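Structure first, then comments.
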């Protein structure tokens, strides 16, 4: 037997319940994955509450969760590129709050990615949402090699991924807003940390600011990204 967290209608966490289910058998093009770690994200409660029902209708019973990492324990017919024992990252379709799941391996499903050896299951399970959001944001703003980027809220999951991906995409400099306790972490990733709390940094004259080419807001904040520009140290 296996276990899954499900809900039969949209609502609050009171709708969630644990269900004992048979371990699924893989169909054609599917593998069964036993999850070792599951990511928990704000989108999970939005799915549960029905906020995304118009764009993402779910058949009930449904389950929250859009990312996880685990091991392939069974392989169905016509599967290529996956075998028992493979470590994989699951992403996309809701339903990862469970122990076992039959997952499509078809390219158009885009639900499985081989897990790099350098990651633990816990690290891999929280990559898809944060890193995927960061990559999408950088592509949308059109960051090019040699440009300067300001990441507002750089110390959270999306922010840290944005900082690292920006350098991989060739950014010349990444400036990240964060509270002081996170500055050493941002420096270790190569970013220039600044704090935007009132009174924490000097208000440099506009002519001396290192104005970034692009800004990515990586976390909710009451401080508009443009306000962070005054915290960026002057050139030289």
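Select, from 162, 133, the only residue that is within 22 Å of residue 185 (Cβ to Cβ), touching a residue at least 24 places away in the same chain (Cβ under 8 Å) and out of contact with any strand residue (DSSP E or B) (no Cβ under 8 Å at 6 or more places or on another chain).
After ruling out the rest, the residue left standing is 133.
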### Task
Give the residues of the stretch 138-179 that are out of contact with any helix residue (DSSP H, G or I) (no Cβ under 6 Å at 6 or more places or on another chain), closer than 22 Å to residue 40 by Cα and either buried (at least 21 other Cβ atoms within 10 Å of the Cβ) or in the same structural domain as residue 41 (by TED's automatic domain parsing) (or both), sorted by residue number.
159, 160, 163
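Taking residue 187 as the residue in question, decide whether it is surrounded by fewer than 16 Cβ atoms within 10 Å (Cβ to Cβ) and either in contact with a strand residue (DSSP E or B) (Cβ under 8 Å, 6 or more places away or on another chain) or modelled with pLDDT of 65 or more (or both). Walk me through how you get there before you give the answer.
Details: surrounded by fewer than 16 Cβ atoms within 10 Å (Cβ to Cβ): yes; either in contact with a strand residue (DSSP E or B) (Cβ under 8 Å, 6 or more places away or on another chain) or modelled with pLDDT of 65 or more (or both): yes.
Here the answer is yes, as residue 187 does meet what is asked.
Sort through 166, 171, 131, 154 and tell me the only one that's within 14 Å of the chain's Cα centre (by Cα), under 19 Å from residue 193 (Cβ atoms) and at pLDDT 90 or above. First the steps, then the outcome.
On the way: 166 fails: within 14 Å of the chain's Cα centre (by Cα); 171 fails: within 14 Å of the chain's Cα centre (by Cα); 131 fails: under 19 Å from residue 193 (Cβ atoms).
Sole residue among the options that is within 14 Å of the chain's Cα centre (by Cα), under 19 Å from residue 193 (Cβ atoms) and at pLDDT 90 or above: 154.
Just wondering, is there one or more residues in the stretch 64-79 that are over 22 Å from residue 161 (Cα atoms), touching a helix residue (DSSP H, G or I) at 6+ places or on another chain (Cβ under 9 Å) and surrounded by fewer than 18 Cβ atoms within 10 Å (Cβ to Cβ)?
First, pick out the residues of the stretch 64-79 that are over 22 Å from residue 161 (Cα atoms): 64, 71-79.
Filter once more, so that each one left must be touching a helix residue (DSSP H, G or I) at 6+ places or on another chain (Cβ under 9 Å): 64, 71.
If we keep only those that are surrounded by fewer than 18 Cβ atoms within 10 Å (Cβ to Cβ) too, we end up with 71.
Within the stretch 64-79 (the criterion being over 22 Å from residue 161 (Cα atoms), touching a helix residue (DSSP H, G or I) at 6+ places or on another chain (Cβ under 9 Å) and surrounded by fewer than 18 Cβ atoms within 10 Å (Cβ to Cβ)), the answer is yes, since at least one residue qualifies.
Quick one: is residue 5 surrounded by 14 or more Cβ atoms within 10 Å (Cβ to Cβ), more than 22 Å from residue 108 (Cβ to Cβ), in contact (Cβ under 8 Å) with a residue 40 or more places away in the chain and touching a strand residue (DSSP E or B) at 6+ places or on another chain (Cβ under 8 Å)? Full working, then the answer.
Details: surrounded by 14 or more Cβ atoms within 10 Å (Cβ to Cβ): yes; more than 22 Å from residue 108 (Cβ to Cβ): yes; in contact (Cβ under 8 Å) with a residue 40 or more places away in the chain: yes; touching a strand residue (DSSP E or B) at 6+ places or on another chain (Cβ under 8 Å): yes.
Considered against the rule, which asks whether it is surrounded by 14 or more Cβ atoms within 10 Å (Cβ to Cβ), more than 22 Å from residue 108 (Cβ to Cβ), in contact (Cβ under 8 Å) with a residue 40 or more places away in the chain and touching a strand residue (DSSP E or B) at 6+ places or on another chain (Cβ under 8 Å), residue 5 comes out as yes.
The values are calculated or read from the model by the stated rules, or taken from the named source; none is laboratory data. What you see is a predicted model, and the numbers here were worked out from it, not measured in a lab. Cβ coordinates were reconstructed from backbone atoms using ideal geometry, including for glycine residues, and neighbour counts include every protein chain displayed.
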